[in-house]
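See structure below.
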Amino acid sequence: MNYQEALAYINDKDKYGSRLGLDSVGRLLYHLGEPHKDMKYIHIGGTNGKGSISAYIAKCLETAGYRTGLYTSPYLERFTERIQINGVDIPEETLGRLTEEVKSAADRMVSEGMEHPTTFEIVTALGFLYFKEAGVDYIVLEVGLGGRFDSTNIIEKSLASVIATIDYDHMDVLGTTLAEIAYQKAGIIKKDGLVVAYPQRDESRQVIKRVSEEIGSDYVEVDPDDIEVKTENDKGSVFDLHYKGHSHKGIRISMLGDYQIYNASTAAVCLLELRERGLVKFTDEQLYEGLMGTKWKGRLEVLSREPIFLIDGAHNLQGIENLAKAVSLFKFKRLILGVGVLKDKDYTHMIEKLIPLASEVVVTEVSMPRKLKADLLAEEIRKYTDKVYVEPSIDKAVRKAIELAGPEDMVLFGGSLYLIGEVRTIAKTLLI
C-alpha cells in the first residue's frame, strides 16, 4: 500500500464504530507476532490533559537521550501525527507498508469468524509495530477512550500509569458519576506498578487510590501545595516544584494556562519517581530543558499576535472552564469567538461559559458525522447574544472571524479537537 491507500483502508473501518474490550485487538496483535510485548511503557489516561502530559514526558525522555515513541489521538492536521519517535511523525511510506501487514492480520481474523478490527484497534496495532521495528527505548502511550477496556490497555505491564484530571465525558460509555468514570480510567493501573495522578477531586481520588491498593501499586498524587507559581502570562509560566525534600526551582514552560503547570508537574513527578526507582536516567537540567521545549499543537496555541489568533481543543465543560480562565492571560479589545461542537457533548453548558466573553460569535460545524449543525448551535448562542454569524464552512468561518477582528482584538476558535485541526491549517495560510 502507498500512504493514500493506507489512509483509505483505515478510514473505511470507521464503519465498524468503536469497540471497548481487548479480545479483538489481542487477536489482531497475535497475528502480527505480538509486537506490543517486551517494551517499556508509560501509560497515560484521564479526561483532560492526557496529550499534554504525554508530550511533556516524551520530550523530557528525548532530551535525556532516549529514543522515545509517542502514541496519541486524535490527530489535528495529519494522520501521521498520532505515531511519533522523538517528535518525528511516522513516515508515509512506512505507514503504508505496515498497514499492509495489519490488513493481512485483520483478514485472517475475519476468516476465523471474528469481527473486523475497528479503526482504533488498527491504528494501535500500527503504533506497536512501528515502535517495535524502530527499537525505541520507551513508549509514551496515550489512552483513547476510558482505560480499562481501551485497546492500549492490551499491554501487560507499564513503568508507570499516569492519570490526568478526571471529569465528565463519554458518560454514555464510561458512567454517569465521577466514581464510575474514575474506575474505568483506573483500569490502566498494573499490579505492583506505579501510579502518578494529577490533583484529583475526592470522588475520583478515592477510586484511584482504592484500585491502586487492591492490586499493590504505589500511588503518588501531585500536591498543589508543592507547586509555587512565580509568573504566568500569555508567553508561558515559571514555577517551583518541591518534591521529596528537593526544590526544583525556576521550571519554565511555554504552554499556556495554569492547568499546564499541573500537567507539567505531573509529568515531572512521574519522571522523578522513575529516576528514583532506577528505571530511567536524566539530569535535572535535562528535565528542565525537556519541559521548556514541549509544544503541543492546538492547546492554547497562539498562531498570530496582531490580531491574536488562539486555538484550543477544549471539548468538555472542564476544558471550557480552563479555556475561559486562560483568556484572562491576554490583553485585547474585543474577542471574536469561533465555535463548533459535536452533538453528543454538553454544549449548552459549554457555551454558557464561553459566550459571555465574546463580542461577536462565528458559528461553524465540525467536519464529521457527529457534528452539531451550525443553525442549532447558533440558536442556543442567541440566548446570550444576537451578534452571531453562521458559517457552516470552516474555511469561511475562519475568514469571517479574521475579517471581524482588528489588530488589537483576539480571535479564539474552540469547542472540539476535530475542529481546530482544520482551523489551524486554514489560519496558517491566511495569517502569514
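For region 136-243, which trypsin sites (Lys or Arg not before Pro) are both in a DSSP coil and crowded by at most 16 other Cβ atoms within 10 Å?
Taking region 136-243 and a limit of 16 other Cβ atoms within 10 Å, the loop trypsin sites (Lys or Arg not before Pro) found are Lys157, Lys191, Arg201, Lys235.
Quote the FRET efficiency, to the nearest 0.05, computed for Asp375 versus Asp225 with a Förster distance R0 of 45 Å and r equal to the Cβ-Cβ distance.
Using R0 = 45 Å, I get an efficiency of 0.40.
Pull up the cross-link candidates among the lysines for Lys15, meaning alpha carbon to alpha carbon under 30 Å and not fewer than 8 places away within one chain.
Leaving aside lysines fewer than 8 places away in the same chain, those within reach of Lys15 are Lys37, Lys50, Lys103, Lys132, Lys185, Lys297, Lys343, Lys345, Lys371, Lys373, Lys396.
Give the peptides 14-23, 319-328, 85-94 in descending order of average Cβ contacts within 10 Å, highest first.
Per-residue Cβ counts within 10 Å, averaged per peptide and sorted highest first, yield 319-328, 85-94, 14-23.
Whenever you get a sec, compute what percent of the accessible area on region 180-240 sits on carbon and sulfur atoms (1.4 Å probe). Intermediate results must be reported in sequence, preceding the final value.
Values: 1170 of 2870 Å².
After summing per-atom areas, the C and S share lands at 41 percent.
What is the antiparallel percent of DSSP beta bridges lying wholly in region 118-262, to the nearest 5? All intermediate terms of the calculation are to be shown ahead of the outcome.
Details: 12 of 19 bridges.
Bridges in region 118-262 that DSSP calls antiparallel: roughly 65 percent.
Kindly write out, for region 283-300 in residue order, the coupling ³J(HN,Hα) from the Karplus curve 6.51 cos²θ - 1.76 cosθ + 1.60 (θ = phi - 60°), rounded to whole Hz, with x marking Gly and Pro.
Using θ = phi - 60°, the values come out as 8, 4, 4, 5, 4, 4, 5, x, 5, 5, x, 6, 10, 8, 4, x, 10, 6 Hz.
What nm distance separates the two modelled labels at Leu431 and Ser359, each placed 7 Å from Cα along Cα→Cβ?
The answer from the label model is 1.7 nm.
What are the residues whose amide H is under 5 Å from the amide H of Gly175, where those residues sit 5 or more places off or on another chain and H is modelled from the backbone?
When sequence neighbours closer than 5 places are left aside, there are no close amide H contacts.
Each residue of region 357-370 in turn: what ³J(HN,Hα) in whole Hz from Karplus with 6.51, -1.76, 1.60 and θ = phi - 60°, glycine and Pro shown as x?
Couplings: 7, 9, 7, 9, 10, 10, 9, 9, 10, 6, 7, 7, x, 7 Hz.
So what J values fall out for region 214-227 if you push phi through Karplus, 6.51 cos²θ - 1.76 cosθ + 1.60 with θ = phi - 60°, rounded to Hz, Gly and Pro as x?
4, 10, x, 9, 6, 9, 10, 10, 5, 9, x, 5, 8, 10
Trypsin sites (Lys or Arg not before Pro) within region 343-432: which are DSSP loop residues with at most 12 other Cβ atoms inside 10 Å? Could the numbers behind the result be given before it?
On the way: sites: Lys343, Lys345, Lys353, Arg370, Lys371, Lys373, Arg382, Lys383, Lys387, Lys396, Arg399, Lys400, Arg424, Lys428; in loops: Lys343, Lys345, Arg370, Lys373, Arg382, Lys383, Lys387.
Of the trypsin sites (Lys or Arg not before Pro), the ones in loops of region 343-432 whose Cβ has at most 12 other Cβ atoms within 10 Å are Arg370, Lys383.
Quick one: go through region 171-211 and flag any residue whose amide nitrogen is under 19 Å from the point 7 Å out along the Cα-to-Cβ line of Glu156.
188-194
Provide the per residue accessible area, probe 1.4 Å, for region 1-74, rounded to a whole number of square angstrom. Please list the in-between numbers first.
On the way: 2870 Å² over 74 residues.
For region 1-74, the per-residue accessible area is 39 Å².
Test of understanding: what is the full-extension gain from Glu93 to Asp346, defined as 0.36 nm times their sequence separation minus their Cα-Cα distance?
87.1 nm
Under 5 Å between amide H atoms, partner at least 5 residues away or on a different chain: which partners does Ile44 have, H built in plane at 1.01 Å?
For Ile44, whose amide H was placed from the backbone, the distant partners under 5 Å are Leu141, Glu142, Val143, Val162.
Share of antiparallel DSSP beta bridges in the chain, in percent to the nearest 5?
On the way: 23 of 58 bridges.
The antiparallel proportion sits near 40 percent.
The values are calculated or read from the model by the stated rules, or taken from the named source; none is laboratory data. What you are looking at is a predicted structure, and each value in this text was computed from that prediction instead of being measured. No Cβ is skipped: glycine too gets one built from the backbone with ideal geometry, and neighbour counts run over all protein chains shown. SASA here: full protein model, heavy atoms, side chains in, ligands and nucleic acids out. Shrake-Rupley method; radii C 1.70, N 1.55, O 1.52, S 1.80 Å.
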